[in-house]
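Notes for the one structure printed next.
The values are calculated or read from the model by the stated rules, or taken from the named source; none is laboratory data. The structure displayed is predicted, hence computed values, not measured ones. Cβ coordinates were reconstructed from backbone atoms using ideal geometry, including for glycine residues, and neighbour counts include every protein chain displayed. The accessibility values were calculated without ligands, DNA or RNA, using every heavy atom of the protein model including side chains. Shrake-Rupley method; radii C 1.70, N 1.55, O 1.52, S 1.80 Å.
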Amino acid sequence: MAKAEPRVASDVAAGAPLATRELPALLERVHASLEARRQVIDDLNVFPVPDGDTGTNMTLTVRAGLDALREEAPRSGRTASKVVTRGVLRGARGNSGVILSQVLRAVVEVVTGHREVDAALYAQALTRARDLAYEAVAEPVEGTILTALAAAAEAADEGVAAGHDLVGTSALICARVAAAVEATTDQLPVLRDAGVVDAGARGFEVLVAAVHGHLTGEEPPVREDVPPSGHRESQGGCLADLAFPFEVQYLLDARDRVAPLLRHDLEGLGDSVVVVAAGNLLNVHVHTDDVGGAIEAGLEYGRPSRIEVVHFGDQVAGRTVSGHGLRPAVPNLPALGTVAVLDGTGLSVLARALGAIVVRGTAGALPSVADILEAIASSDAPRVVVLPGHRNAVPTALQAAELAAAEGDDRVSVVEEATTPPAVLAALAVVDATAPPEQVLADARAAASQVRAGAVVAASRDADTPVGAVRRGQPLVVVGGEVLAAHDEPLEALDALCEALEVAAAEVVTLHVGGDVDAAEATAAVAQVEDRTDAEVEVVEAGQRPVRYWVGAE
């Protein structure tokens with residue numbers, strides 16, 4: 001049983017409300033309680049609901065809110081509410097973590113503007129939390145954290161109706177949640193077979209117990225879980241049969257109103273779909289067998305960032321059995337991570353499949369230094385290589401590397417030769433994340449420098465150029481930032497581009513097809529390029545705009 005000094009003994013006896021200024025300290029206590037039980041909660045996870053790190057995810061979600069609060073040190077309660085909400089939403093990880101972010105969001109939103117939190121306000125916050133959590137989940141499942149949350153909201157309402165003060169209502173909530181958690185074992189067959197309670201529900205029980213501990217100085221006991229020995233091994237064979245073996249999670253800069261639309265789209269791609277929104281930032285979570293499709297679904301509505309993909313087979317393989325139960329092995333982090341500036345859904349998906357963190361950017365809409373710094377910070381690798389993707393993005397990438405170094409992060413190198421999408425792909429193709437970083441960096445620079453690349457893009461306006469006057473919309477041949485030719489038809493321009501790049505002498509040719517090219521034109525374009533060279537032509541349905549075609553020759 002965790003103990004702490006009571007807030008004020010006389011206040012507890014009198015059932016005094018919670019002052020809102022205590023919320024940071026309360027958040028600290030919740031975090032400490034989750035951290036203390038993190039591993040035990042992690043070990044409760046069972047298949048086929050394959051989030052193997054619920055305790056860690058919930059702990060890190062709370063920590064993200066705390067870190068945001070410490071970093072910005074807001075002076076007003078309303079500002080603090082926004083800071084915490086955005087912090088937990090950006091930092092939420094995993095299914096239960098995302099749901100927990102909604103619980104924390106509800107609490108801070110409901111109490112903002114009030115100097116004190118009494119039993120009625122606590123009940124209102126839990127009701128709001130329950131509603132937000134159920135709304136965020138595409139297909140709510142009982143016997144999970146949602147069940148525990150519903151029990152808490154119901155108990156809070158009963159406590160208020162019975163005239164209990166905050167402490168009395170909190171005690172009733174803790175008792176009801178504890179009972180609801182124990183009942184989860186019989187609500188889901190997978191939990192019953194393993195003889196365990198739901199991990200997320202247990203984590204929520206730890207949270208409400210921590211709240212009660214802050215109010216009284218003594219937390220109610222939370223049952224110590226000991227997962228049956230070998231229960232993971234007995235279910236390990238399920239991995240091959242998992243319909244949705246990947247966990248995909250990302251943040252999406254998009255309007256809050258698109259959350260239900262995206263949630264519906266993702267339901268067709270997998271399960272455990274959770275989409276939450278707060279301030280035009282969505283946290284998206286899904287289990288799927290179509291990683292690219294899950295990311296593309298988000299791209300239909302906004303700009304994704306902090307994309308994380310976990311293969312559950314790898315997750316379980318990273319755990320070992322010991323005499324004290326299952327313990328997560330230390331992950332083998334790649335020796336080198338990559339950040340690539342690219343545009344186009346198909347190209348971005350391909351780059352991520354090659355291990356890159358993608359920053360969206362193209363001519364006229366290049367990323368900021370902050371965008372690249374955020375991508376660098378999201379990599380856990382001891383060395384990070386940035387591939388600028390455009391010649392005008394090189395200064396931005398270099399400045400990001402300099403700022404990172406000034407802040408103590410000296411991991412970053414910039415491959416200045418990777419200034420076109422074909423060059424970026426060539427560099428990614430030779431990256432061996434487990435090889436010595438200096439050798440990988442040299443290989444990436446060599447690969448990118450060997451690529452001759454150019455584009456077919458429509459003129460953005462009427463203008464005089466080195467090849468004469470061009471009309472707005474006229475297909476131009478552009479190599480190295482210079483206009484080499486203008487034609488009336490895109491395929492004529494593509495043919496001229498192939499000639500300029502000497503694809504006939506190339507060993508490898510890549511063709512990136514843009515998002516505005518229809519199927520008939522794309523087929524003709526591929527045939528046209530293949531007629532120009534004996535090399536194998538690698539075709540990428542890149543989806544970039546406004547560039548119609550990129551061609552790379554090596």
(request) Determine the share of the chain's accessible area contributed by carbon and sulfur atoms, expressed in whole percent, with a 1.4 angstrom probe. (result) 51
(message) Need the full-extension length gain, E507 to L354, defined as separation in residues times 0.36 nm minus the C-alpha distance. One decimal, nm.
(response) 52.9 nm
(message) Given R₀ = 25 Å, what would the calculated FRET efficiency be for E267 paired with E142, taking r from the Cβ atoms and rounding to 0.05?
(response) 0.85
(request) Provide the gained length on full extension for the span A405 to D443, in nm with one decimal, where the gain is 0.36 nm per separating residue minus the Cα-Cα distance. (result) 11.4 nm
(message) I'd like the FRET efficiency for D531 and Q450, computed as 1/(1 + (r/R0)^6) with the beta carbon distance as r and R0 of 22 Å, rounded to 0.05.
(response) 0.40
(message) With a cut-off of 8 Å between alpha carbons and a minimum separation of six or more residues, what is the relative contact order of the chain in percent?
(response) 10
(request) Determine the percent antiparallel among the DSSP beta bridges restricted to the range 330-439, to the nearest 5. (result) 5
(request) Quick one: work out Rg over Rh on the C-alpha atoms of the range 400-547, Rh as Kirkwood radius. (result) 1.04
(request) Using a 1.4 angstrom probe, figure out how much accessible area the chain has per residue, in square angstrom, rounded to the nearest whole. (result) 43
(request) Go from 0 up to the bin containing the longest alpha carbon distance in the range 123-217, width 5 Å each, and give me the % of pairs per bin. (result) 3, 16, 23, 23, 18, 11, 5, 1, 0
(request) Determine the dipole magnitude for the range 386-503: charges of +1 sit on the beta-carbon of Lys and Arg, -1 on that of Asp and Glu, nothing else is charged, the reference point is the Cα centre, and the result goes in debye to the nearest 20. (result) 220
(request) Could you tell me which of S305, V98, S449 has its Cα farthest along the dipole of the chain towards the positive end, charges placed at Cβ (Lys, Arg +1; Asp, Glu -1), taken about the Cα centre? (result) V98
(request) Rank these residues by their accessible area, most exposed first, probe 1.4 Å: R202, R38. (result) R38, R202
(message) Could you sort the peptides 414-426, 110-122, 341-353 by per-residue average Cβ neighbour count (10 Å cutoff), highest mean leading?
(response) 414-426, 341-353, 110-122
(request) Hey, for a label at D256 modelled as a point 7 Å past Cα toward Cβ, could you say which residues of the range 137-165 have their backbone N under 20 Å away? (result) 137-138
(request) Can you check what the Kirkwood hydrodynamic radius comes to for the chain, Cα pairs only, in Å to one decimal? (result) 25.8
(message) Under a Cβ-only charge scheme (Lys and Arg +1, Asp and Glu -1), can you give me the dipole magnitude of the chain about the Cα centre, in debye to the nearest 20?
(response) 1920
(request) Restricting to the chain, compute how many DSSP beta bridges are antiparallel as a %, nearest 5. (result) 75
(request) Grab the Cα-Cα distance for A377 and A463, subtract it from 0.36 nm times how many residues apart they are, and report the gain in nm with one decimal. (result) 26.8 nm
(message) Can you order the peptides 176-184, 461-469, 93-101 by their average number of other Cβ atoms within 10 Å per residue, highest first?
(response) 93-101, 176-184, 461-469
(message) Could you report the accessible area of E541 in Å², rounded to 10, computed with a 1.4 Å probe on the protein chains as they sit in the structure?
(response) 150
